[in-house]
Amino acid sequence: MTRCTTLDVAGRFAEHYRTLFEHVRDIVLMIDAESGQILDANQAAVLAYGHPHDELLACTIFDLRTESIDQVGEQMRTADVGGTLFETVHQRRDGSRFPVEVNSRGDTLDGQRVLFSIIRDITTRRELEALRDEFLVLASHELRTPVSNIGLRLQQLVRNGERGGTLERALGDARLALEELRRLTHLVDTLLDAQVARGQIELQRSDVDLGALVRTVVERHRGHAERLGSTLVLQIGEVAGSWDRVRLEQILTNLIMNALKYGSGKPVRVAVAADGAQARLEVQDQGIGLEGDDLERIFEKFGRAASMNYGGFGLGLYIVRKLVEAHGGTIEVTSEPGHGSTFAVRLPR
Ligand code: ADP
């Protein structure tokens, strides 16, 4: 009686293991440690290699590997003795290849040495690593520019002071250094905000006069606009609502900086108006504009449409969208390539 129960339990366990084996997302192979013959393979293996199950059992591990027999043999011995974890490349039935991480160890099964290998397709991980590396290069480059410019301005300021230069000149250098510092701060904030935007954004709501807020933010950018040969034109209506003031400033700052950056030195119009139960905020430029394909992509993380000459992380509009959505609002862009873009934000009041 007791024996029968034990068998039942063992049988059920075997069944569970089989289910686990078949359904895990990782590839699982059981291989003869001597010959490399594949003794068993799960469903994930069939999908990954493109061999039907019976065909896979007619293969050896050497058919799936791209290195020399000697190299693979050496790795099998290491796995058999103490277990091993390594990265390599496997090939599919059609000859295409993919990167994998292999976790393999030996065991004795009915007197036969076998290797159990759990194999993970790391294509996505590799792509993310490549993206991260690319981003680090871009980020260092972006941050480097304002840092060098600030250094340059300060050097000029000191030299000017030592030579008894005018106060006016000194002020000019100091102002330019401050502007570069603002740019640097904006870049660092963007990096931090991209992190925040991934999760739930906490809003600090208070009564906000949107017109007054827009006026303040626009004034901050007048100097910058002037240096780019652009003017900022304001159309302010009376709109009040309960919003997060700092986040609104951020939304507007990003849109204005983009309008100036991609605005080809032409005028930029910033408008605020009440629109029923909503506030409507518009930033319009007459610059390079956007192609239809890019109209949605630019709101995604790292979504960029302009050439590398423009610089930037491709995070600004992603953050803007997240901030607008946190307020229950929407953002959309209309554009004509070569003639400018209009970014329109709607916020429930
Ligand atoms: P960044 O400017 O750092 O690349 P953003 O997220 O702010 O990142 O913008 C994403 C992309 O959208 C930009 O790379 C650019 O191609 C496009 N873009 C944003 N604003 C404008 C605009 N006013 N006119 C034309 N293209 C724009």
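The values are calculated or read from the model by the stated rules, or taken from the named source; none is laboratory data. Model, not experiment: these values are computed from the prediction. As a convention, Cβ positions derive from the backbone with ideal geometry for all residues, glycine included, and neighbour counts pool all protein chains shown. We work out accessible area using only protein heavy atoms, side chains counted, and drop any ligands, DNA or RNA first. Shrake-Rupley method; radii C 1.70, N 1.55, O 1.52, S 1.80 Å.
Quick look at the values:
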quantity	calculated
Qualifying residue in the range 287-296 (condition: within 8 Å of the ligand (Cβ to nearest atom), open to solvent by less than 30 Å² (accessible area, probe 1.4 Å) and either assigned to a strand (DSSP E or B) or touching a helix residue (DSSP H, G or I) at 6+ places or on another chain (Cβ under 7 Å) (or both))	no
Failed condition for Ala130, given (1) closer than 26 Å to Glu22 by Cβ; (2) of a type in the set (Gly, Ala, Ser); (3) open to solvent by 30 Å² or more (accessible area, probe 1.4 Å)	(1)
When residues of the range 261-286 are limited to those that are touching a Lys or Arg at 6+ places or on another chain (Cβ under 6 Å) and within 14 Å of Leu232 (Cβ to Cβ), the one most open to solvent (accessible area, probe 1.4 Å)	Gln286
Verdict on Asp275 being more than 9 Å from the ligand (Cβ to nearest atom) and out of contact with any Gly (no Cβ under 7 Å at 6 or more places or on another chain)	yes
Top-ranked residue in the range 227-249 [being open to solvent by less than 20 Å² (accessible area, probe 1.4 Å) and not in a strand (DSSP E or B); ranked as farthest from Gln204 (Cα to Cα)]	Ser230
Residue match in the range 197-212 (condition: within 16 Å of the ligand (Cβ to nearest atom) and surrounded by 15 or more Cβ atoms within 10 Å (Cβ to Cβ))	yes
Residue in the range 188-210 that is of a type in the set (Val, Ile, Thr), within 22 Å of Met308 (Cβ to Cβ) and assigned to a helix (DSSP H, G or I) present	yes
Residue in the range 300-323 that is surrounded by 14 or more Cβ atoms within 10 Å (Cβ to Cβ), assigned to a helix (DSSP H, G or I), among the aromatic types (Phe, Trp, Tyr) and within 11 Å of the ligand (Cβ to nearest atom) present	yes
